[in-house]
Amino acid sequence: MERKYRVDYKKFTNCLRIAIVPDELQDERIESVRKYCLQYGFTNVMLFFNAEEYNLGHITKEEAMPWIQTIKKAKRILENAGLSVSLNPWMEIGHLDRGRKLKEGQNFTTMVDMDGRQADISVCPYDSEWRKYYFDLLGWYLQEVNPDMLWIEDDFRLHNHHPLSYGGCFCKLHMQKFNEKLGENYTREEFVARVFAKGTPTKERKAWLDINRDTYLDLSKEIGAFIQKLGLKTRVGLMSSAPQMHCMEARDWKGLQTNLSAGEELIDRIHLPCYDETSGKKYFYEFNTKSMVVRTFLPESTYIYPELENGSFSNFTKDPRFLQFQLEASLPLLPVGMTYDIYDFVGNGTVDSLGYGEAVQAVTPYLQGVVELGVKFGDLYGVKMPVDEKACYNLELKEDWRDLKRYDEMEIIGVLSGLGVNVKPTTEKRMRDETVVLAGAGVNNFTDGELEALFADNFVIVDGKCVLELQKRGLARLIGVKSAELCPAGGDLQAYEQATDGFIVDGKQKYRASCLEKANDYVRIEYEQKVKAYTETYTSKREYFGLGGVEGERFAVIPYFLQDMPLEQYNPLRRAVWYAILKNRQKKFVQTGVCGIHPYTYKKGNATVLAIVNTTVNDYKELVLESNIPFTKLRAVDRKGKLVKKAFKREGSKVTVRMPLEYLSTATLVLE
């Protein structure tokens with residue numbers, strides 16, 4: 001039966017995620033939610049229960065009944081007001097113990113960490129008793145409520161289940177799986193020692209990752225098939241945390257999403273990495289290294305409803321202006337809506353005085369106008385930046401298991417985008433005639449043959465850490481490197497970097513930048529062939545030390561470790577090096593000229609859709625860009641969602657658009 005209040009994917013859908021407590025205030029709270037949604041343009045309510053302060057662990061039907069009755073009452077009232085309703089049980093396996101225990105009769109196998117500590121509440125997904133309990137409860141929920149959508153929570157993971165050590169389950173069920181795969185009879189201690197042995201990956205680590213990957217693939221397939229058999233046409237959405245958090249389970253993003261879809265649309269709630277307000281620049285570094293990477297891993301056809309959260313539920317921790325910025329700055333993901341975790345879970349309902357409703361209402365017409373452009377995430381183009389969900393299979397342990405959480409190739413996306421360059425994260429391994437950036441250990445996601453082809457067929461830019469990795473693998477010849485030496489930041493070797501003769505930066509000759517701690521580790525390189533040097537490094541005695549940014553025939557090198565948001569890498573000198581290289585090599589480039597103003601380019605027929613995100617606290621009276629994209633007509637989506645013509649002036653590659661760009665805001669342009 002077709003549902004009357006299904007979400008319309010052609011409309012930007014504001015989804016309010018909220019808990020209504022089954023007490024004497026429930027009618028008042030339901031009415032406050034109804035009025036709020038109608039007043040401020042929220043069209044979906046995600047009813048949240050067994051959550052946070054009211055969480056009862058693995059809840060029984062008897063305990064859940066009052067919540068379900070209140071949810072059913074709320075659903076009737078909200079649907080009569082024309083609002084669609086989603087259901088969001090807060091837990092599947094359980095996020096964290098927080099003092100809770102299994103109930104009498106719940107003989108579930110709980111998770112065990114690498115050190116042998118056993119969780120009190122977080123269950124192993126392979127436990128058959130828990131699965132029987134879970135599917136019985138899930139079927140009851142869905143048949144009772146019949147929601148438009150079911151959201152699977154982000155406890156759907158093997159890691160981050162406090163108080164357990166961070167990654168993975170080593171209970172008896174998982175140990176049996178590991179041993180069966182290896183044909184061994186390891187104890188937990190023996191297996192853990194081999195999985196987390198220093199150095200390159202062991203066969204035990206590969207088995208651990210394979211089983212981790214299968215754990216939730218198996219469960220998601222079972223959930224999807226179960227929901228499909230109910231015949232309710234319920235759509236299933238998954239909450240996705242940061243990709244680095246999932247690296248130790250080698251998550252199969254496409255497989256999970258496809259399995260859970262239950263024959264309906266693919267839907268994902270990508271985490272926007274900012275529980276509490278921070279600077280726009282820092283937030284967007286995280287957005288590029290996390291949210292954009294998750295979107296890259298997901299199937300192209302996935303509908304995206306990111307999750308905007310307020311960690312402590314006050315406008316001190318999330319000001320309405322910053323919330324509005326997060327909302328419109330999610331545009332690079334091309335979302336069809338947003339989920340809002342902005343009011344507390346203890347049952348106060350909506351709180352108008354915080355000002356969030358007005359902030360959402362003000363920007364929704366603009367977001368709707370962007371949705372109507374019909375752009376797809378696969379249309380994104382820019383400097384190609386390869387990422388790999390299975391990078392954990394290739395990472396080397398130097399210290400301990402925490403090394404498996406470091407994804408260098410994700411972090412450089414935040415650096416380059418923050419420099420004002422259009423970028424495209426990609427899972428591609430084979431490319432041709434592209435400008436590609438490889439960073440750090442990300443190079444090890446490629447085979448030798450793939451690297452040979454990559455450097456032969458493209459122009460490839462590498463960072464210093466990548467140079468060392470290539471040298472270790474005997475492939476430094478791909479960038480003409482004779483020798484490479486690590487020079488850690490903070491030593492008494494390199495002190496500053498200086499532009500070479502003729503390389504003018506901000507009208508100055510011999511522009512300089514620090515090489516100290518905030519520049520990150522430096523790699524001194526000797527090349528076998530002549531390269532074009534943009535900069536050189538010097539000692540504190542002003543003696544030449546080594547080459548800086550260089551360009552060869554089919555490669556360029558930025559000789560620093562470009563991880564952990566290295567602030568000195570945003571210096572005008574380093575920005576100028578990137579710009580000079582990319583203007584020569586990138587087919588279709590956009591450079592904003594300002595660190596913290598991020599451009600994203602999407603192909604739309606013969607046109608380009610350009611999304612610009614201003615993460616700075618400066619207002620600009622007009623947009624000034626550098627671009628070689630040809631166009632003769634320029635329109636912008638205005639705040640009412642209409643496409644309006646904008647005047648512009650072009651002088652060579654410099655484009656001046658006569659429209660303002662406010663602090664912490666965005667602009668969406670159509671270049672034709």
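The values are calculated or read from the model by the stated rules, or taken from the named source; none is laboratory data. Worth saying up front: this structure is predicted, and the values here are computed from it rather than measured. All Cβ positions, glycine included, derive from the backbone under ideal geometry; neighbour counts span all protein chains shown.
One residue stands out among those in the stretch 50-95 that are in a loop (DSSP other than H, G, I, E, B) and among the β-branched types (Val, Ile, Thr): the one that is surrounded by the most Cβ atoms within 10 Å (Cβ to Cβ), which is Ile93.
Restricted to helices (runs of 4 or more DSSP H) entirely inside the stretch 274-330, those with at least 2 residues that are touching a residue at least 40 places away in the same chain (Cβ under 8 Å) and more than 19 Å from Cys595 (Cα to Cα) are 292-297, 320-329.
Determine if the stretch 122-130 includes at least one residue that is surrounded by fewer than 18 Cβ atoms within 10 Å (Cβ to Cβ) and over 30 Å from Gly355 (Cβ atoms). Checked against the condition, which is being surrounded by fewer than 18 Cβ atoms within 10 Å (Cβ to Cβ) and over 30 Å from Gly355 (Cβ atoms), the stretch 122-130 yields at least one hit. One residue alone among Thr258, Thr289, Thr278, Thr317 is buried (at least 23 other Cβ atoms within 10 Å of the Cβ) and either within 30 Å of Val145 (Cα to Cα) or in the same structural domain as Glu52 (by TED's automatic domain parsing) (or both), and that residue is Thr289. Over 28 Å from Asp341 (Cα atoms), out of contact with any Asp or Glu (no Cβ under 8 Å at 6 or more places or on another chain), of a type in the set (D, E, K, R) and touching a residue at least 40 places away in the same chain (Cβ under 8 Å): does that describe Asp127? For Asp127, the condition - over 28 Å from Asp341 (Cα atoms), out of contact with any Asp or Glu (no Cβ under 8 Å at 6 or more places or on another chain), of a type in the set (D, E, K, R) and touching a residue at least 40 places away in the same chain (Cβ under 8 Å) - is met. Of everything in the stretch 346-366 that is among the hydroxyl-bearing types (Ser, Thr, Tyr) and outside any loop (DSSP other than H, G, I, E, B), the residue that is surrounded by the fewest Cβ atoms within 10 Å (Cβ to Cβ) is Ser353.
Among the criteria (1) more than 25 Å from Val375 (Cβ to Cβ); (2) surrounded by 19 or more Cβ atoms within 10 Å (Cβ to Cβ); (3) of a type outside the set (S, T, N, Q), the one Lys233 does not fulfil is (2).
Just to verify a result, which residue in the stretch 35-49, among those that are buried (at least 20 other Cβ atoms within 10 Å of the Cβ) and not in a strand (DSSP E or B), is farthest from the chain's Cα centre (by Cα)? It comes out as Tyr36. Scanning the stretch 261-275 for residues that are surrounded by fewer than 22 Cβ atoms within 10 Å (Cβ to Cβ) and hydroxyl-bearing (Ser, Thr, Tyr) returns a single hit, Tyr275.
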